[in-house]
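The values are calculated or read from the model by the stated rules, or taken from the named source; none is laboratory data. Bear in mind the structure is a predicted one, so any value in this text is a computation, not a measurement. Counting neighbours? That spans all protein chains shown, and the Cβs are built from the backbone with ideal geometry, glycine included.
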Amino acid sequence: MTKKLTVLLVDDHTVVRAGFRMLLSSQDFIGEIIDVDRGELACQQYQTFKPDVVMMDLSMPGIGGLETIRRLCLLDPDAVILVYSIHDEIIYVERALNAGAKGYVSKNSAAEVLAEALLAVASGKRYVESGLLPELQDVRKDEVESLRAVVDVLSPREFDVFCLLAKGLTAHEVAAELCLGYKTVANYNTQIKNKLNVSNAAELAYIAMTLGIIKTN
């Protein structure tokens, strides 16, 4: 690859962005790096710089990572997006790919894995880090697949709220985490429960545990 890649780096943590910027700069196939701290700015900067690859986190305030992917793909159906995240559960990987991401790696990936992923997606291939999409070996496979289909009806932002509520956060805590108003989160809470046909936090937690969103060990 003779042309160096322009990368738009999206992460709300300054230290993380600095670390990944340093890592990316060490690769001879990487050219200009633009970094922003949230999805809204990513959409603006994408239109200005038209980067070759968008490398982004999922867990961010504002519109969040999944909605950012969706909006970038609406702006440009050919957008090349590589997700890097602390979340290694299947459902996060699948939702990111379904939203339009071309690749998914964990934040714990070695530098060579990240480089391999960037080159792969930039060349038009899909890249998912090894082990992130294992075959289901669950005796409750039918239930898992059924619940996953139900959760798929949630919008990206509803999914973000669902994950936090299922982990036991209050509506006020979710509002602070996602930089949303309390009433907005309360409305999301109602919509989510209606869509999932559940009535309380325990049922949300059960769904999240079954899907691996909440670790049981």
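Side notes on the structure shown:
- Conditions (1) assigned by TED's automatic domain parsing to the domain that holds residue 31; (2) of a type outside the set (Phe, Trp, Tyr); (3) farther than 26 Å from residue 54 by Cβ; number of the one not met by residue 166: (1)
- Check on residue 21, surrounded by 19 or more Cβ atoms within 10 Å (Cβ to Cβ) and modelled with pLDDT under 95: no
- One residue alone among 193, 183 is more than 30 Å from residue 24 (Cα to Cα), crowded, with 17+ Cβ neighbours inside 10 Å and at pLDDT 90 or above, and that residue is 193.
- Single residue of 138, 78, 142, 160 found to be modelled with pLDDT under 95, exposed (fewer than 13 other Cβ atoms within 10 Å of the Cβ), assigned to a helix (DSSP H, G or I) and not β-branched (Val, Ile, Thr): 142
- Whether a residue is of a type in the set (S, T, N, Q), surrounded by fewer than 19 Cβ atoms within 10 Å (Cβ to Cβ) and in contact with an Asp or Glu (Cβ under 9 Å, 6 or more places away or on another chain) was assessed, and residue 47 passes this test.
- So residue 54, is it surrounded by 20 or more Cβ atoms within 10 Å (Cβ to Cβ), within 30 Å of residue 185 (Cβ to Cβ) and among the β-branched types (Val, Ile, Thr): yes
- Subset tally (residues that are over 15 Å from residue 59 (Cα atoms) and not in a loop (DSSP other than H, G, I, E, B)) for segment 174-188: 7
- Selection count where residues are touching a residue at least 60 places away in the same chain (Cβ under 8 Å), more than 28 Å from residue 40 (Cα to Cα) and not small (Gly, Ala, Ser), scope segment 172-217: 3
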